[in-house]
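> Input: one structure, supplied below.
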Amino acid sequence: MTTISRLQLLFDHEIDFVCCTPTYALRMAEVAEQEHIDLAAAAVSQLIVVLVLVILLGPVLSQQIANQASGILDAFPSMTR
């Protein structure tokens, strides 16, 4: 299934929460922008971001994820913070 298909499912089924990795949340936002899909019009109210960290890379990865956090939240403007 493509990212565009998943984004369409958000609208077709009025999905109110999304569970994904931080990078996929950003990917969905990028594709939505490219395809002129207005995520603010989606019913999504909660974004559950799942982190899978390798213990040795944890500190490095967690800093990268912290740097992306605002972008992830901005990707789904209908969510309350």
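> Which of the residues that make up region 11-35 are touching a helix residue (DSSP H, G or I) at 6+ places or on another chain (Cβ under 8 Å) and over 16 Å from V49 (Cα atoms)?
Residues satisfying the conditions are F11, V31, A32, E35.
> Hey, among the residues in region 1-24 that are surrounded by 14 or more Cβ atoms within 10 Å (Cβ to Cβ) and assigned to a strand (DSSP E or B), which one's modelled with the lowest pLDDT?
The qualifying residue modelled with the lowest pLDDT is C20.
The values are calculated or read from the model by the stated rules, or taken from the named source; none is laboratory data. Every value quoted in this text rests on a predicted model; they were computed, and no experiment measured them. Neighbour counts run over all protein chains shown; Cβ positions are idealised from the backbone, glycine included.
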